[in-house]
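Encoded as structure tokens, the structure appears first; notes follow it.
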Amino acid sequence: MRDLFPDDRERLSLDPGAVLLGGFALPVDRYLLEVITHVAETAPFRHLETPGGRRMSVAMTNVGRLGWVSDRHGYRYSPLDPLTGRPWPTMPPDLAALATNAAATAGFPNFAPEACLINRYASGAKLSLHQDRDERNLDQPIVSVSLGVDARFLWGGQSRTDRPRRVALHDGDVVVWGGPARLTYHGVDTLIESSHPLTGTLRYNLTFRTVTWARPRRQICIRARHRRPVGERFDTPPVLTGEEVKQDVRLDCTLPGMRHRESRSG
Ligand SMILES: O=C(O)CCC(=O)C(=O)O
Ligand SMILES: [Fe+2]
């Protein structure tokens, strides 16, 4: 595929708050595929139904405390896999750390993903323009990792009717969007038949999200961090006491100006 931005893919600004980190995950692409294979053994890929009753062409599964699901009742996050009735597989700390590092590189420190939606595209699959807006916490960015076959990412605007740009996504590319770009419309153009040494004819995408956790004040964060169970440093938000939660909620509600304060990437 002709690369639309051949000169500087290492750090390509798409918009204020949105950046493509070319090849950021390339050194760990094999590890990522191993994780996906392992996850799919307990939480198999499936084609979800849209609320309007259409079968999605992209197959999906999840890893992490919460998983994104869709059915006749709508889009939502669930702690249980509706297919098996069991919790989604636990997010490995190294996987979460990759997302945290990518977010920090893009200018969003302290990103702690609670959910990772894994998308699998066969040739002909596509994802229509949409906003990622099912998360209660929109202060945190989305971190999106590409694996395998090339895709054409559609990067639109703040309105569905804004004409999207097409951006080539290669194996190991990571796109991060947050702050003023957090609700930008985006999608993936129909996957063209092609092959990649790692994934054959398939493309995978891992999309990391913080769903519920509003980042607390710094000193609360530091205190709370001590109570994180060993080995779960990144896949669960810190455990807050009732008082800390109250402060956290108060801050979140009374200082709306602080929203999007991390929007310095791009
Ligand atoms: O596959 C991609 O690159 C994007 C996926 C996406 O937008 C989503 O899962 O919400
Ligand atoms: Fe999305």
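So which residues in region 10-22 are assigned to a loop (DSSP other than H, G, I, E, B) and loosely packed, with under 15 Cβ neighbours inside 10 Å?
10, 11, 16
Against the criterion of being over 24 Å from residue 124 (Cα atoms), within 16 Å of ligand 1 (Cβ to nearest atom) and modelled with pLDDT of 95 or more, residue 147 does not qualify.
Give me the residue from region 57-85 that is within 16 Å of ligand 1 (Cβ to nearest atom) and free of Cβ contacts under 8 Å to residues at least 40 places away in the same chain and, out of that set, surrounded by the most Cβ atoms within 10 Å (Cβ to Cβ).
Start the filter on region 57-85 by keeping residues that are within 16 Å of ligand 1 (Cβ to nearest atom), which leaves 57-64, 66-70, 74-78.
Filter again for free of Cβ contacts under 8 Å to residues at least 40 places away in the same chain, leaving 69-70, 74, 78.
Working: 69: 23, 70: 17, 74: 10, 78: 14.
The qualifying residue surrounded by the most Cβ atoms within 10 Å (Cβ to Cβ) is 69.
Residues of region 102-128 being surrounded by fewer than 19 Cβ atoms within 10 Å (Cβ to Cβ), away from ligand 1 (no atom under 16 Å from the Cβ) and either within 13 Å of the chain's Cα centre (by Cα) or touching a residue at least 60 places away in the same chain (Cβ under 8 Å) (or both), which ones?
Our first condition is that a residue be surrounded by fewer than 19 Cβ atoms within 10 Å (Cβ to Cβ); within region 102-128, this holds for 104-105, 107, 109-110, 122-124, 126, 128.
Checking which are away from ligand 1 (no atom under 16 Å from the Cβ) leaves us with 104-105, 107, 109-110.
Listed by number, the residues that qualify are 105, 107, 109, 110.
Filtered by the rule that a residue be of a type in the set (Gly, Ala, Ser) and either part of a loop (DSSP other than H, G, I, E, B) or touching a Pro at 6+ places or on another chain (Cβ under 8 Å) (or both), region 28-77 gives 43, 52, 53, 57, 64, 67, 70, 74. Of everything listed in (1) within 14 Å of ligand 2 (Cβ to nearest atom); (2) over 16 Å from residue 17 (Cβ atoms); (3) crowded, with 23+ Cβ neighbours inside 10 Å, the single unmet condition for residue 173 is (1). The set of residues in region 39-56 that are among the hydroxyl-bearing types (Ser, Thr, Tyr) and crowded, with 16+ Cβ neighbours inside 10 Å is empty. Hey, any hits in region 189-212 for a residue that's at pLDDT 50 or above, surrounded by 13 or more Cβ atoms within 10 Å (Cβ to Cβ) and of a type in the set (Gly, Ala, Ser)? Yes; the residues of region 189-212 include at least one that is at pLDDT 50 or above, surrounded by 13 or more Cβ atoms within 10 Å (Cβ to Cβ) and of a type in the set (Gly, Ala, Ser). Which of the residues spanning region 105-164 are out of contact with any strand residue (DSSP E or B) (no Cβ under 7 Å at 6 or more places or on another chain), polar (S, T, N, Q) and more than 26 Å from residue 30 (Cα to Cα)? Scanning region 105-164 gives 131, 137, 140, 158, 159, 161. Looking at region 129-141, which of the residues that are over 13 Å from residue 187 (Cβ atoms) and in contact with a His (Cβ under 9 Å, 6 or more places away or on another chain) is farthest from ligand 1 (Cβ to nearest atom)? Among them, the one singled out is 139.
The values are calculated or read from the model by the stated rules, or taken from the named source; none is laboratory data. Note that the structure is a prediction, hence the values are computed from the model and not measured. As a convention, Cβ positions derive from the backbone with ideal geometry for all residues, glycine included, and neighbour counts pool all protein chains shown.
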